[in-house]
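Here's the structure we're looking at; comments come further down.
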Amino acid sequence: MMQQKLHVTLLTGRTIEQGVGKEYGKSSSEYYEACSMVYMDAEDMKKLGVKNGAHVLVTTPRGSVVLRAVKYPRSATPGLIYIPYGPWANALVNDSTTSIGMPSFKGIPAEVEVAPDQPVLSLEELLKNEFGR
C-alpha cells in the first residue's frame, strides 16, 4: 500500500555536482539541476509511488519546497533524504544558530509527499517566495 506522506530525516551537504554547478554560476542550469533535487532511498520512493525525476514536496518545521526525487545511487538509506546545499535546502533549514553561529544542516525531521502538479521553482522564483522581492 502506498503512503501519502513519508516521515524522514533530512540531511544536507555538498555534492560534486553542486560544486561544479556553482562554478558555472548560481543562475546556471547546471546549478539548478544539481541543487533542486532530493536523493531518496529506492524503497522509500516505492512506498510513495514516486519514480526517478518525479516532483515531491518536502516539508520541515521551517518550510516546504518542491524538488525532483532522485534515487540515491550508492546504498540503501531508508528513512533518510539528502538535499545538496543551496537555496532549495536553505528553504527547509532553520536559520536559528542556537548561539553557535551555524544552523543545523543535519538531522532535521521532514515529510515527503508526491507533488506531480507542482513545479520545482527556479532560483529566482524561490528567492522571490522566500524574501518577497
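The values are calculated or read from the model by the stated rules, or taken from the named source; none is laboratory data. Quick caveat: nothing in here was measured; it's all calculated off a predicted structure. Positions of Cβ are backbone-derived with ideal geometry, glycine not excepted, and every protein chain shown enters the neighbour counts.
Annotation note: of G49, G63, the sole residue that is out of contact with any His (no Cβ under 7 Å at 6 or more places or on another chain), closer than 24 Å to N129 by Cβ and either basic (K, R) or in contact (Cβ under 8 Å) with a residue 24 or more places away in the chain (or both) is G63. Taking (1) at pLDDT 90 or above; (2) hydrophobic (A, V, I, L, M, F, W, C); (3) over 21 Å from N52 (Cα atoms) in turn, A115 satisfies each apart from (3). In the stretch 106-123, of all residues being loosely packed, with under 13 Cβ neighbours inside 10 Å and over 18 Å from C35 (Cα atoms), the one that is farthest from the chain's Cα centre (by Cα) corresponds to D117.
When the residues of the stretch 1-54 are filtered to those that are aromatic (F, W, Y) and under 15 Å from I83 (Cβ atoms), the one that is surrounded by the fewest Cβ atoms within 10 Å (Cβ to Cβ) is Y39.
When residues in the stretch 63-93 are screened for being crowded, with 17+ Cβ neighbours inside 10 Å, assigned to a loop (DSSP other than H, G, I, E, B) and either at pLDDT 90 or above or of a type in the set (D, E, K, R) (or both), 6 of them pass. Test V50 against the stated conditions and say whether it is within 12 Å of the chain's Cα centre (by Cα), at negative phi, of a type in the set (A, V, I, L, M, F, W, C) and outside any helix (DSSP H, G or I). No, not satisfied.
In the condition set (1) farther than 20 Å from V112 by Cβ; (2) modelled with pLDDT of 95 or more, Y24 is compliant with all but (2). Note on the stretch 14-37: residues that are in contact with a Phe, Trp or Tyr (Cβ under 7 Å, 6 or more places away or on another chain) and either hydrophobic (A, V, I, L, M, F, W, C) or at negative phi (or both) total 9.
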